[in-house]
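Engineer: What follows is a structure written as structure tokens; I'll ask about it next.
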Amino acid sequence: MVVLGLAGTIEDMTTLASQTGLTTNIFRTKYMINRKKQGNEPQETEMNGQRYGNVDMFKYLGSLVTYANEIEMEIKVRTIASKKYYHALGNLLKKICVPF
């Protein structure tokens, strides 16, 4: 049976997971609604007696995904990380002599 909406998606996910012998970790399961503008979404939603939290962004396979599919936050996070690693390795990179 196909149920539309967030409740249906979570119900389908839980059903399919249980059919394959998997369980859903309620404490780590969150949801995000993609939209152009940030709305007044509830911070938590209760379905089937379980509470699921709402997030505005999360990391997926190393990339930052936001509610509006913005790339600016991803660029900012990667720029900060690259500066951090460059400064951490700065002295080491200055000491390395590359023969020609």
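Engineer: State yes or no: is Glu41 at pLDDT below 80 and in a loop (DSSP other than H, G, I, E, B)? Before the answer, list the steps.
Structural biologist: On the way: at pLDDT below 80: yes; in a loop (DSSP other than H, G, I, E, B): yes.
Yes, satisfied.
Engineer: Being part of a loop (DSSP other than H, G, I, E, B) and in contact (Cβ under 8 Å) with a residue 24 or more places away in the chain is the filter here, so list the residues in segment 56-73 that pass it.
Structural biologist: Those that are part of a loop (DSSP other than H, G, I, E, B) and in contact (Cβ under 8 Å) with a residue 24 or more places away in the chain: Asp56, Tyr67, Ala68, Asn69.
Engineer: Output the qualifying pairs, or none if there are none: Cβ atoms under 6 angstrom, residues six or more apart or on different chains, first residue in segment 7-35 and closer than 20 Å to Phe58 by Cα, second residue surrounded by 12 or more Cβ atoms within 10 Å (Cβ to Cβ) and hydrophobic (A, V, I, L, M, F, W, C).
Structural biologist: As it stands, the answer is Ile10/Met47; Thr24/Ala17; Lys30/Val55; Met32/Val55, since those pairs meet every condition given.
Engineer: Kindly list, by first and then second residue, each pair from a residue in segment 74-90 that is under 26 Å from Met57 (Cα atoms) to a residue that is surrounded by 10 or more Cβ atoms within 10 Å (Cβ to Cβ) and of a type in the set (Val, Ile, Thr), limited to pairs with Cβ atoms under 9 Å and residues at least 6 apart or on different chains.
Structural biologist: Every condition considered, the pairs that remain are Glu74/Val65; Glu74/Thr66.
Engineer: On the given criteria, is Ile10 at pLDDT 75 or above and surrounded by 11 or more Cβ atoms within 10 Å (Cβ to Cβ)? Spell out how you get there, then give the answer.
Structural biologist: On the way: at pLDDT 75 or above: yes; surrounded by 11 or more Cβ atoms within 10 Å (Cβ to Cβ): yes.
It is true that Ile10 is at pLDDT 75 or above and surrounded by 11 or more Cβ atoms within 10 Å (Cβ to Cβ).
The values are calculated or read from the model by the stated rules, or taken from the named source; none is laboratory data. Quick caveat, the model's predicted, so the values are computed rather than measured. Please note: Cβ atoms are built from the backbone with ideal geometry, for glycine as well, and neighbour counts cover all protein chains shown.
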